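Structure first, then comments.
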């Protein structure tokens, strides 16, 4: 069973603070890693992806990947109330031939307090 | 506009009454999939399709059927719905990427199904 684990939260941070979201995965063959944001009642939207060890920055968002520890994280700097949402970690794994499949974690609910 | 559409968006039905949720994408994507989302369980894949006439089971396929007769459409069929299939359902599509691919997966708006 390929697993992706996240703390369900809720995680609360004050406006302007750094929010840190964490995710671990069980399949060492995983090759691509994604963070989705989902507002209540809406569909998930992709905000970051990473596939190499290290950090990847995009605006206020930084994704961090450590394949040896099977750990991926998302940092949100200068958190805003509009960042309040559930954040889903997804991991891409090979299923057959060259095709891959995404496995999602259960999500972390983030609340940014004004 | 690139999009994935689902219909209906909301559905209330009764146990045992067959239903179909349609999904269509206009991006010529090979890969399509269906997920259900339940509180505390995240997104769980029901079925996926890597191309026309090629489908396979995901993590929770029991009680569902799919078909892929055309590239753009991937309907989800519940032959005899039961209350434990009450959930929020998402269809998604993307290009058929390699294992390390970062191709974006596009989600439909979701279908909220209630089975009484």
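Each reported figure results from applying straightforward, stated rules to the coordinates on display, with no laboratory input. Small disclaimer: the values here were computed from a predicted structure and weren't measured. Here the Cβ is made from the backbone with ideal geometry for all residues, glycine too, and neighbour counts use every protein chain on show.
Contact order, relative form, for chain A: 37 percent (alpha carbon pairs under 8 Å, 6 or more residues apart, mean separation divided by residue count).
Treat each spin label as a single point 7 Å out from the Cα along the C-beta direction, and report the residue B:59 to residue B:114 distance in nm. A separation of 2.7 nm, rounded to one decimal place.
If R0 equals 25 Å, the separation of the Cβ atoms of residue A:52 and residue A:18 corresponds to a calculated FRET efficiency of about 0.65. Stretching the chain fully between residue A:3 and residue A:66 yields a gain of 21.0 nm (0.36 nm per residue, less the alpha carbon separation).
Of all DSSP-defined beta bridges confined to the protein assembly as shown, some 90% are antiparallel rather than parallel.
Solvent-free Debye calculation, one equal scatterer per alpha-carbon of chain A: log10 I(q)/I(0) at 0.09, 0.22 Å⁻¹ equals -0.22, -1.23.
A convex hull fitted around the alpha carbon atoms of chain B yields 100 Å³ per residue. Under 25 °C and 0.890 mPa s, how fast does the protein assembly as shown diffuse according to Stokes-Einstein, given a Kirkwood radius computed over C-alpha pairs? Answer in µm²/s, whole number. Once the numbers are plugged in, D ends up at 135 µm²/s. Modelled spin labels at residue B:12 and residue B:26, positioned 7 Å past Cα toward Cβ, are 3.2 nm from each other. Treating each Cα of the stretch B:49-100 as an identical point scatterer and summing with the Debye formula, the log10 of I(q)/I(0) at q = 0.22, 0.32 Å⁻¹ comes to -0.96, -1.46. With contacts taken as Cα pairs under 8 Å and at least 6 residues apart, the stretch A:1-62 reaches a relative contact order of 24 percent.
Look at the alpha carbon pairs under 8 Å that are at least 6 residues apart: their mean separation over the length of chain B gives a relative contact order of 35 percent. Counts of other chain beta carbons within 10 angstrom of each beta carbon in peptide A:48-56 average 1.
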